Amino acid sequence: MDPIKRLFRKATLSYKGLFAVMSVQQYLMVNLGSPLMQMLCFTLVARYVYGGVDVSHWFIGNALVLTYFNAIFGIGVQLTQEKNSGTLKLLIASPSSGVGIFLPRAILHIFDGLVTVLFGLMIGALIFGFNLPFSSWPAFLLILLVASFSAMAFGLIISCLGLLTRDLNLVLNVASMTMLGLTGANFPLERMPVWLQPVGQLMPLTRSIEASRSLYAGMPLSDLSGMLIGELILGIVLMAIGVLMFNVMTRVAVRLGVLEMF
């Protein structure tokens, strides 16, 4: 049990290092207020565009895509914060592997993302009439967990890209708009240009959003297993790419005597 305890201890310390300076009010506004307002905005736009029809289809997509907020603005800034606080050199010099460094940083953000989505669903039940049968909730939570894992793995890549530039905000905003626009949460993938549709299929959350919409429409979980497995595999591949990028960049940084690649 000691390795598991160390894993969660490192996860807790990493999470506190990001949010400990915030008050409770600031934390709620940053982690809940901002993403929930965004969800309401896009769902209300869909209601305006499609008239008085049921907008649950678009609400579910916007609720699920909320996990990107923790992935981009939580995990995506971690290495840059290490650089700014002067601890990046200690991280590079530590004997921990890339997995040992990245995995603890993602764990609590996965559950934090789930909390954000659940709050969004509660708001949707009050405003948009979202009503998922009780028997479908275990399957829906499984979809949320897989989606959150895939999004956090994408955040690890963003975190590494932060070491390549002085303007991290540009990277964060481009990544966040890409996830909002190419995952199918707000724009149907089939209506996008042909050359963009494969890009959307390679984005995290695309399959999870489609699976959650299908589940809400009454499709059993057994028929959605292909999409879930595909999302899980994509998350594992993205995490492997993030770890590989970190290992390569740290070796080059040590060889060149710099803490950043720019």
Query raised in the report: Restricting to region 128-140, what's the tally of residues that are surrounded by 14 or more Cβ atoms within 10 Å (Cβ to Cβ) and in a helix (DSSP H, G or I)?
Result: 3
Query raised in the report: With Ser222, Ser208, Ser212 as the choices, which residue is under 22 Å from Val49 (Cβ atoms) and in a helix (DSSP H, G or I)?
Result: Ser212
Requested in this report: Search region 194-221 for residues being among the polar types (S, T, N, Q) and under 23 Å from Leu114 (Cβ atoms), and hand back the single one that is surrounded by the most Cβ atoms within 10 Å (Cβ to Cβ).
Outcome: Ser208
Query raised in the report: For region 141-186, what are the residues that are of a type in the set (Val, Ile, Thr) and part of a helix (DSSP H, G or I)?
Result: Ile143, Val146, Ile157, Ile158, Val171, Val174, Thr178
Report task. Examine region 49-56 for a residue that is surrounded by fewer than 24 Cβ atoms within 10 Å (Cβ to Cβ), among the β-branched types (Val, Ile, Thr), part of a helix (DSSP H, G or I) and free of Cβ contacts under 8 Å to residues at least 40 places away in the same chain, and state whether such a residue exists. Result -> yes
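Yes/no matrix, rows are residues, columns are (1) in contact with a Gly (Cβ under 7 Å, 6 or more places away or on another chain); (2) β-branched (Val, Ile, Thr); (3) without any contact (Cβ under 8 Å) to a residue 60 or more places away in the chain; (4) over 16 Å from Met152 (Cβ atoms):
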| residue | (1), (2), (3), (4) |
| --- | --- |
| Gln201 | no, no, yes, yes |
| Glu210 | yes, no, yes, yes |
| Glu231 | no, no, no, no |
| Gly235 | no, no, no, no |
| Ile241 | no, yes, no, no |
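All of the numbers you see were taken from the coordinates with simple rules; none came from a lab. From a predicted model like this one, the values you see are computed outputs, not experimental measurements. With ideal geometry, Cβ positions are generated from the backbone for all residues, glycine too; neighbour counts draw on all protein chains shown.
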